Amino acid sequence: MSGPERRFVTVVSGLPRSGTSLVMQMLRAGGMPVLTDDLRPPDEDNPRGYLEYEPVKGTREDASWVERAMGRAVKVVHLLLPALPPDREYRVLLTRRPIREVMASQEAMLERRREPVGDTDGSQLAHLFERQIQETEAWLRATPYCRVLPVAYHELLRDPKQGAAAIDRFLGGGLDVDAMASCVEPTLRRQRV
């Protein structure tokens, strides 16, 4: 399905394990080109893939990759949003998931990989994550070259068609909303807190 020419970068962002990969999968299914290198293959924690682009991790040192992202969707971790060059427009899809679920999902992933999990109660990390996402939201509201659409993970699972339609409207229309909605598979949500 052909849509409008998008003279902006579509950024999918949020905390790790908050649904960013799902939103990227929806955009790709809906017909939007995505900027990804597929260096991180699908696995048990993300069986449909991560859809990341490795150069994004070095944005603070080199943001030249942004030029390749014009008219496409790219995943950018929330902490790197302020490093995006201010000379273009960004439409940011900011995923939100309850912090305790984010942490449970992260912990399960680390355990499967036999990596250290960290402190046992996680309260410090929960406070840190909550502060980071609040600061990110405040920064986005104050930044004229960014427009933001909050994407609530649970609402997306509850009503994929409505969520896909809202994303399509925010991005100027022309995406295949039915194909986007079909990407949402509630059984992949394994962490419920």
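We did not get these values from a lab; they are worked out from the coordinates using the rules stated. Only a predicted model underlies this, so the values are computations on that prediction, with no experimental measurement involved. When we count neighbours, we look across all protein chains shown, and the Cβ atoms used for this are built from the backbone with ideal geometry, even at glycine.
Structural remarks
- FRET efficiency, residue 155 to residue 7 (Cβ-Cβ, R0 22 Å, nearest 0.05): 0.15
- For the pair residue 178 and residue 63, label points projected 7 Å from Cα toward Cβ lie 4.0 nm apart.
- Between amide H atoms placed 1.01 Å from N, distances below 5 Å from residue 148 occur with 92, all of them 5 or more places distant or on a separate chain.
- Close amide H contacts of residue 71 (hydrogens built in the peptide plane, cut-off under 5 Å, sequence separation of 5 or more or a different chain): 8, 9, 10.
- Shape of region 20-75 from the C-alpha gyration tensor: oblate (a/c of 1.5 or more and a/b not above b/c, with a ≥ b ≥ c the square roots of its eigenvalues).
- The trypsin sites (Lys or Arg not before Pro) found in region 1-52 that occupy coil by DSSP, while having at most 12 further C-beta atoms within 10 Å, are 7.
- Between residue 96 and 151, 152, 153, the built amide H atoms are under 5 Å apart, and every one of these is 5 or more places off in sequence or on another chain.
- Packing-based ranking, highest mean first, of 66-75, 18-27, 165-174, 138-147 given that Cβ atoms within 10 Å are counted: 18-27, 66-75, 165-174, 138-147
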